[in-house]
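To start, the structure under review is shown below, and the notes come after it.
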Amino acid sequence: MRRRRSIIGTSLAVVAAMSLSACGGGDDGASSKTVRVTLANHVWTENIKAALPAFEKQSGLKVEITQLGEDQLSDQYNVKLNAGSSDIDVMMYRPLQEGKLFAKNKYLADLTDQVKAQGWDFSDFQAGPVEATTYEGKPVGVPIITEQEVLYYRKDLLEKAGLSAPPKTLDELKTAAAKIKAADPSVAGFVARTGKSAAVTQFSSFLYSFGGDFVDGGGKSAVGSEAAKQAYAYYGGLIKDSGPANVSTDMGWPEAMAIFTQGKAAFYTEANSLYKNATDPAKSKVSDDVGFAPFPAGPAGSKPYNIPSWALGVNASSENTANAWKFIEWATGKEQTLAQQKSGVPGARTSVWANPEGSSTFPKDLVEAIAASTKDGVGHDRPLVVKVAEAREIVGQPIVDAITGKDAAAAAGTANTAFQKFLDDEAK
C-alpha cells in the first residue's frame with residue numbers, strides 16, 4: 001500500500017459540532033480545541049474521516065484534516081517542518097523512509113510520557129513496528145499500518161507438480177520453483193521485484209533469513225558479509241534460473257504482481273498488504289488458486305520484515321501537543337485498530353490480530369502467515385539511514401548483478417565499499 005503513489009492531493013476540513021464532555025479536558029488554557037492533522041491518501045485515512053464525528057462529539061475537539069498524495073505530503077513536510085512551522089499538530093509519516101531524518105532533525109516530539117496513557121496499552125504493539133518508530137531509545141511515533149513479507153503461491157500448480165504443501169525453507173522453494181518451470185517453461189517457478197531500488201525491500205527478508213543485515217551491530221556496512229553474499233546469490237539466482245523468461249531488471253511490485261496474477265508464476269514473495277490484487281477476481285486470473293504461507297526459512301530461520309509502512313507522530317513545533325496526543329490515542333486505540341483491520345488495513349496491535357473479528361476479513365492462511373511473520377519479524381526492510389533512496393541504489397546493485405549472471409560475491413564486495421563510504425559521509 002505504501003508504495004502506491006497517489007496523484008491526487010486534496011485538502012479537507014472536517015468540521016462537526018463541538019460539545020464539551022466529561023472526557024474532554026486535560027489541556028492547558030493556551031491549547032487550541034482545533035487539532036490540525038496531516039494525512040496521506042490511504043484507506044486508513046478514509047476510515048478515520050468516517051469515524052471522526054463520534055470522536056469530536058466525545059472529546060469536544062474539532063479536527064481539521066489536510067489529506068495529500070505521498071509526493072505532495074513530502075513536499076509539504078519539507079517546507080513546513082524545516083521552517084519550524086506550528087500549523088501541523090499530528091503528522092502521518094513513513095518511519096522507514098523519512099523517520100530517521102525527521103527524528104534526527106527533531107521534527108518528531110518525544111512521546112515517552114504519552115505512550116504510558118492508562119488503558120491505551122503500548123505493550124500491545126508488535127515489537128518490529130515499535131522498533132521502527134523509536135529513535136535513540138525514545139518512541140517518536142505510533143505505528144498504524146503494518147506490512148510483512150509472505151509467500152504467495154499457486155495451489156493448482158503445486159498439486160500438478162505433486163507438492164503436498166508450500167515450501168517451508170528457502171532450499172525447498174528453490175527446488176519447487178525449478179521443478180515447476182522445468183515442467184512448463186512458459187510458467188516461471190518464481191517471480192519477485194527486480195529493480196535495483198524496488199527489490200531492496202523484498203530482498204531484505206532473504207538477507208535476514210540468511211543471517212545478514214544491511215548494517216552490523218557496530219554501525220558498519222554488512223552487505224559484504226558472507227551471509228549477505230549468499231543472500232544476493234540466492235535471490236538473484238532464483239530469478240535468473242526459475243524466473244520469467246527474458247526477465248527485466250526494473251520490475252517493481254506492479255510488474256511482478258501482474259506476472260503472478262496473469263498465471264505466469266508459481267511462487268511470489270511480496271508484502272501481505274497487496275494480497276487483494278491476487279485474490280480479487282476482477283484483478284487476478286488465478287484468484288481461486290492463490291494461497292499464502294510464511295516466508296520460507298533460511299540458514300538463520302524465517303526472518304521476514306515486519307514493519308510499519310505508516311505511523312502517526314506529533315510535530316515537535318506544535319503548540320497543541322496535548323490535544324494532538326488525544327487524537328493519536330483515539331486513532332490508534334484498540335477500537336479503531338479493530339475497525340481498520342475489519343476493513344482490510346493490517347494494524348500493529350497484537351490483541352486485535354488475536355481477536356477473531358480482527359482477522360475475519362483476511363484469508364485464513366494469510367492470517368497464519370502474518371502470525372508467523374510478527375513472531376520473529378525484523379523491524380526494517382531497508383537500511384536505517386537518513387538518505388534512504390541513495391542507500392537503496394547502492395545495496396540494490398548486487399541484486400541486479402546476480403540476476404544478470406554476474407558474480408554476486410564480487411558485486412556485494414563492491415557495494416560494501418560504496419555503502420561504507422556512504423555511512424561515513426552521513427555520519428559527518
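Please work out whether the stretch 192-305 counts as rounded, prolate or oblate from its C-alpha gyration tensor, where a ≥ b ≥ c are the square roots of the eigenvalues and a/c under 1.5 means rounded, while otherwise a/b larger than b/c means prolate and anything else oblate? If you can, show how the numbers build up before the last one.
On the way: a/c = 2.25, a/b = 1.83, b/c = 1.23.
Because a/c hits 1.5 or more and a/b exceeds b/c, the stretch 192-305 counts as prolate.
Tell me, what ³J(HN,Hα) does each residue in the stretch 299-308 have, in order and in whole Hz, if you take phi through Karplus 6.51 cos²θ - 1.76 cosθ + 1.60 with θ = phi - 60° and put x for Gly and Pro?
x, 9, x, 8, 10, x, 6, 9, 10, x
Each label point is 7 Å from the Cα along the Cα-to-Cβ direction; what then is the distance between the points at residue 50 and residue 262, in nm?
Roughly 3.4 nm, to one decimal.
Would you mind getting me the FRET efficiency between residue 389 and residue 300? Use the beta-carbon distance for r and R0 = 25 Å, nearest 0.05. Could the numbers behind the result be given before it?
Details: r = 28 Å, r/R0 = 1.11.
Between residue 389 and residue 300 the formula returns 0.35.
Treat each spin label as a single point 7 Å out from the Cα along the C-beta direction, and report the residue 343 to residue 160 distance in nm.
Using points 7 Å along Cα→Cβ, the separation is 3.9 nm.
Farthest toward the dipole's positive end in the stretch 302-428, which of 366, 333, 312, given Cβ charges of +1 (Lys, Arg) and -1 (Asp, Glu) about the Cα centre?
Farthest along the dipole direction, towards plus: 333.
Taking square-rooted eigenvalues a ≥ b ≥ c of the alpha carbon gyration tensor, is the stretch 296-428 rounded, prolate or oblate, where a/c under 1.5 means rounded and, failing that, a/b exceeding b/c means prolate? Intermediate results must be reported in sequence, preceding the final value.
Details: a/c = 3.42, a/b = 1.43, b/c = 2.39.
Note, shape of the stretch 296-428 comes out oblate.
Work out which GluC sites (Glu not before Pro) in the chain are exposed loop sites (DSSP not H, G, I, E or B, at most 14 other Cβ within 10 Å) and give the longest gap free of them.
Numbers: sites that count: 136, 319.
Within the chain, the longest run free of exposed GluC sites (Glu not before Pro) spans 137-318.
Can you return the aspartates and glutamates within cross-link range of residue 116? Criterion is Cα-Cα under 15 Å, with same-chain partners fewer than 8 residues away left out.
124, 329
First measure r as the distance between the Cβ atoms of residue 34 and residue 85, then evaluate 1/(1 + (r/R0)^6) with R0 = 22 Å and state the FRET efficiency to the nearest 0.05. Display every interim value, and only then the final one.
Values: r = 15 Å, r/R0 = 0.70.
Step by step, r from the Cβ atoms, then E = 0.90.
Only bridges with both residues in the chain count here: give the DSSP antiparallel percent, nearest 5. Write out the running numbers ahead of the final one.
On the way: 28 of 42 bridges.
The antiparallel proportion sits near 65 percent.
If each residue of separation counts as 0.36 nm, what is the full-extension length gain between residue 319 and residue 112 once their alpha-carbon separation is subtracted? Could the numbers behind the result be given before it?
Details: separation 207, 0.36 × 207 = 74.52 nm, distance 1.78 nm.
Extra length from residue 319 to residue 112 when fully extended: 72.7 nm.
Where nothing but the Cβ of Lys and Arg (+1) and of Asp and Glu (-1) is charged, how large is the charge dipole of the chain around its Cα centre, in debye to the nearest 20?
Numbers: 45 positive and 49 negative charges, 107 e Å.
Dipole of the chain, to the nearest 20 debye: 520 debye.
Taken together, the values in this text are just the output of simple stated rules run on the coordinates, not laboratory data. Note that the structure is predicted; figures quoted are calculated from it, not measured. Cβ atoms come from the backbone with ideal geometry, glycine included; neighbour counts cover every protein chain shown.
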